[in-house]
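Here's the structure we're looking at; comments come further down.
The values are calculated or read from the model by the stated rules, or taken from the named source; none is laboratory data. All of these numbers come straight from a predicted model, not from anything done at the bench. Don't worry about glycine lacking a Cβ; one is built from the backbone with ideal geometry, like all the others, and counts go over all protein chains shown.
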Amino acid sequence: MGKVIAVANTKGGVGKSTTAVHLADWLSREREVVFVNASFQEGVNPWLKELSIPSCQETDPDNLLDLLEDLSSEYIIVDVPGVSEMVRVVLDCCDAVLVPVKPTALDLSDCVKMLRIINRKQKSRKELHAAIFLSMVDKRSNALQDAQAYFKKHRIRLLDTYVRQLQVIADAPLQYQTVFQMGSNAKQASKDYQSLFEELLAMFTTKGVE
Ligand SMILES: Nc1ncnc2c1ncn2[C@@H]1O[C@H](COP(=O)(O)OP(=O)(O)OP(=O)(O)O)[C@@H](O)[C@H]1O
Ligand SMILES: [Mg+2]
């Protein structure tokens, strides 16, 4: 089994699938990648096909672990639905979990549930990396600063990188592209994702990361 990176949050609509497809596309430029869609939603499947990213869909938690163990690609990206049981199954075998969190009051308080599941799992799986980042950040409001203060107060480590709320990111699946292919309009979005993924991969090489 290759390195398994799960993109997960028990909260819906936070950018999991969008992030997972961008991560798979970014990695696939230099690495062998397979995408596992563990949700019932099929929206990402044609997008992945157009991007020529090998993918499969497995929505049964009982079968998912077997499938992941059988895959031999260097990187396995799992788009995990916001179902607690599915999240727990994936956390049993993944190397890292990337958690997008929207900087709104409701999302912040809901993400505590997800972080509790991860913390509990890390007690038995010390090697499990957790990378939490702010997603869909609207720079015109104070949401970013408020969310960063919230995480600091709760002593939860956030990645330095956040991803802005940008129309070009929302448009990407409609064009069956990722922002990396969308030219000068997508410069900021590409920068955000590249920085996020570099910070994520650095976790595998940095000692002492939680
Ligand atoms: N950074 C962003 N800027 C603007 N729109 C975004 C961004 N990230 C995601 N979106 C849009 O937000 C919506 C939700 O994103 P996405 O489907 O990736 O979330 P999800 O967490 O996978 O949702 P679900 O829980 O339903 O699986 C989509 O319409 C997507 O295009
Ligand atoms: Mg999704």
- Which one of these is in contact (Cβ under 8 Å) with a residue 12 or more places away in the chain, on the phi < 0 side of the Ramachandran plot, among the β-branched types (Val, Ile, Thr) and in a helix (DSSP H, G or I): Ile156, Ile169? Ile169
- Could you list all residues from the range 5-53 that are small (Gly, Ala, Ser), more than 9 Å from ligand 2 (Cβ to nearest atom) and over 20 Å from Val97 (Cα atoms)? Ser52
- Query: Just a yes or no: is a residue in the range 102-113 hydrophobic (A, V, I, L, M, F, W, C), in a helix (DSSP H, G or I), under 17 Å from the mean Cα position of the chain (by Cα) and crowded, with 18+ Cβ neighbours inside 10 Å?
  - Reply: yes
- Pick out the one residue from Lys113, Lys126, Lys152 that is within 16 Å of ligand 1 (Cβ to nearest atom) and over 30 Å from Pro46 (Cα atoms). Lys113
- Query: Which of the residues that make up the range 172-208 are touching a residue at least 24 places away in the same chain (Cβ under 8 Å) and of a type in the set (Gly, Ala, Ser)?
  - Reply: Ala172, Ala189, Ser195
- Message: I'd like to verify a number: residues in the range 8-26 that are more than 8 Å from ligand 1 (Cβ to nearest atom), within 20 Å of Glu69 (Cα to Cα) and not in a loop (DSSP other than H, G, I, E, B), how many?
- Response: 1
- Item | Sole residue being out of contact with any Pro (no Cβ under 7 Å at 6 or more places or on another chain), at pLDDT 95 or above and more than 16 Å from ligand 1 (Cβ to nearest atom), chosen from Asp95, Asp70, Asp62 | Asp95
- Query: Would the range 5-16 turn up any residue that is surrounded by fewer than 21 Cβ atoms within 10 Å (Cβ to Cβ) and of a type in the set (A, V, I, L, M)?
  - Reply: no
- Could you tell me which of the residues Ser195, Ser190 is part of a helix (DSSP H, G or I), crowded, with 19+ Cβ neighbours inside 10 Å and of a type in the set (Ser, Thr, Tyr)? Ser190
